[in-house]
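Trainee: Have a look at this one before I ask anything.
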Amino acid sequence: MKADAPSATAYLIATSTLFVAADPFAGRLIPARAAELSAHFVEARSRAARWAHETLLRRKGARPFVSALERLTLPGIQLHYALRKLYLEETTRAAIADGIRQVVIFGAGYDTLALRLHGAFPGVQFIETDHPATQRRKIHALAAHARRDAHGPAATNLRFLPLDLTRRGFADALLNSDGYRADAPTLFIAEGLLMYLAPAEVDALFRTMRDCSDGAPIRFAFTFMEPQADGRVNFLTRSRAVDAWLSWRREAFKWGIGRGELPAYLAARGFALREIATHETFRRRYLEPEALAHLPLAAGEYVCVAGDLDEWGKR
Ligand SMILES: C[S@@+](CC[C@H](N)C(=O)[O-])C[C@H]1O[C@@H](n2cnc3c(N)ncnc32)[C@H](O)[C@@H]1O
C-alpha cells in the first residue's frame, strides 16, 4: 500500500458493509452497529466519498449499477466480506468462551469487531493495530462521532496501536504498548492482511506472536488465499480490472498458501490447524438458513483458525 495514504481496500470493505446492510435480503446479516460505524468511516474519507455514499449506497435506483459493477469485477465479493466478518466474530466469541482474555487485531482497517465487542466483554482487552496512515483516519472518524453521540474509543479495554508490519521492531512496540499483557491467553486476528505481506513478513508475524506471549495460550485466526494455476495469489473468480486496480493502489497480493500445505507450514511455526472455512462453509452456515443460498459469493479467500501447539496438546 502507499506508505502515507490510508488503505484503499480497507475503505472498500467499509463501503461494502454499507452496501450489503442496505440490501433488502442480505441486510440482516450485518449487525446494525457495524453499519452505523462503517457509515462514519466512509463519510470521514472525503467529500467525494460522502457524495458516493449518498448517491450509490442510499439511493435505491443506484443499487443495480453497483451490483453490475461487482458482477463484472469480482462477483459476490461484498457478501464474502460480510460473511468472513460473521465467521471471525463467531471465532472471537468462541475463543472468549474458552478463556481467551486478549484480542489483538493486526491490520484492523475500518473493521468494527473490537469497537462492538469490547463493551460486552469488559474483562477482555482488545487491541487494534494497523498501518499508521489507516488507523489515524479511523481514530479521527471515531473521535468526531464520539463528540456527537458519546460513543468512542475511550474505554480502557480498547486500545489502538499504530504498527507497520513491514518495519523491524514491531514486536517490541506491541510488548511495550499500553494495555498489552504477555501473560494473557490471546486471540490474534489478521483479516484480509497476510496476502499484502511478503513471505518473510508473514514469518516475522508468526514469530512476533510467540515472542509477545509469555507462555500463555495463543490462537491465530487469519484469512489467506491460494496461489492459482498461473502462480499468482488470487480469488478464484476475478477480472483483470481487479488486478490492475490493486496494483495501481499498490495493494497487490504477495503471500498465499495452498490449503493442503497449511498444516505443515503452521507446525513449522509452532501452531496447529484447528479449522478452515471456505465459501461453502459460509454458504451452509449463513446463507442457507436465511434462504439466501442463491446469492453470488466470491470464492478463494479462506479463514484459518490455528492454536499454538501447547494449547492443542491440552485439548
Ligand atoms: C484489505 S484491508 C483489511 C482491513 C480489515 N482487516 C478488514 O478485513 O476489514 C488491509 C489492511 O491491512 C493493513 N496493512 C497493509 N499493510 C500493512 C502493514 N505493512 N502494516 C500494518 N498494516 C498493514 C491496511 O492498513 C488495511 O487496514
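The values are calculated or read from the model by the stated rules, or taken from the named source; none is laboratory data. These figures come from a predicted structure and were not determined experimentally. Cβ atoms come from the backbone with ideal geometry, glycine included; neighbour counts cover every protein chain shown.
Trainee: Given the condition surrounded by 22 or more Cβ atoms within 10 Å (Cβ to Cβ), away from the ligand (no atom under 13 Å from the Cβ), at pLDDT 95 or above and of a type outside the set (S, T, N, Q), answer yes or no: does some residue in the range 60-83 qualify?
Mentor: yes
Trainee: Test of understanding: among 225, 209, which residue is within 12 Å of the ligand (Cβ to nearest atom), of a type outside the set (S, T, N, Q), within 21 Å of the chain's Cα centre (by Cα) and surrounded by 14 or more Cβ atoms within 10 Å (Cβ to Cβ)?
Mentor: Step by step, each of 225, 209 is checked, and only 225 is within 12 Å of the ligand (Cβ to nearest atom), of a type outside the set (S, T, N, Q), within 21 Å of the chain's Cα centre (by Cα) and surrounded by 14 or more Cβ atoms within 10 Å (Cβ to Cβ).
Trainee: Let me ask something else about it. Within the set of pairs 6 or more residues apart or between chains, which connect a residue that is assigned to a loop (DSSP other than H, G, I, E, B) inside the range 294-309 to a residue that is of a type in the set (Val, Ile, Thr) with Cβ atoms less than 6 Å apart?
Mentor: 298/77
Trainee: Scan the range 99-125 residue by residue and report those that are in contact with a strand residue (DSSP E or B) (Cβ under 8 Å, 6 or more places away or on another chain) and either within 16 Å of the ligand (Cβ to nearest atom) or of a type in the set (Ser, Thr, Tyr) (or both).
Mentor: 103, 104, 105, 106, 107, 108, 109, 111, 113, 114, 115, 117
Trainee: Moving on. Within the set of pairs 6+ apart or on separate chains, which have a first residue in the range 264-275 that is at negative phi, a second that is modelled with pLDDT under 95 and of a type in the set (A, V, I, L, M), and C-beta atoms under 6 Å apart?
Mentor: Hits for this filter: 272/309.
Trainee: May I pose another question? For residue 27, only one of the following conditions fails: (1) crowded, with 16+ Cβ neighbours inside 10 Å; (2) at pLDDT 90 or above. What is its number?
Mentor: (1)
Trainee: Which condition breaks for residue 200 when tested against (1) hydrophobic (A, V, I, L, M, F, W, C); (2) in a loop (DSSP other than H, G, I, E, B); (3) exposed (fewer than 14 other Cβ atoms within 10 Å of the Cβ)?
Mentor: Result: residue 200 fails condition (2) only.
Trainee: Would you confirm whether or not the range 157-165 contains a residue that is surrounded by fewer than 16 Cβ atoms within 10 Å (Cβ to Cβ), in contact (Cβ under 8 Å) with a residue 24 or more places away in the chain, away from the ligand (no atom under 16 Å from the Cβ) and more than 26 Å from residue 195 (Cα to Cα)?
Mentor: no
Trainee: Scanning for something at pLDDT below 95, of a type in the set (A, V, I, L, M), within 13 Å of the ligand (Cβ to nearest atom) and in contact with a Ser or Thr (Cβ under 9 Å, 6 or more places away or on another chain), does the range 126-148 turn up at least one residue?
Mentor: yes
Trainee: Does residue 272 fit the bill of being of a type in the set (Gly, Ala, Ser) and modelled with pLDDT of 85 or more?
Mentor: Answer is yes for this residue.
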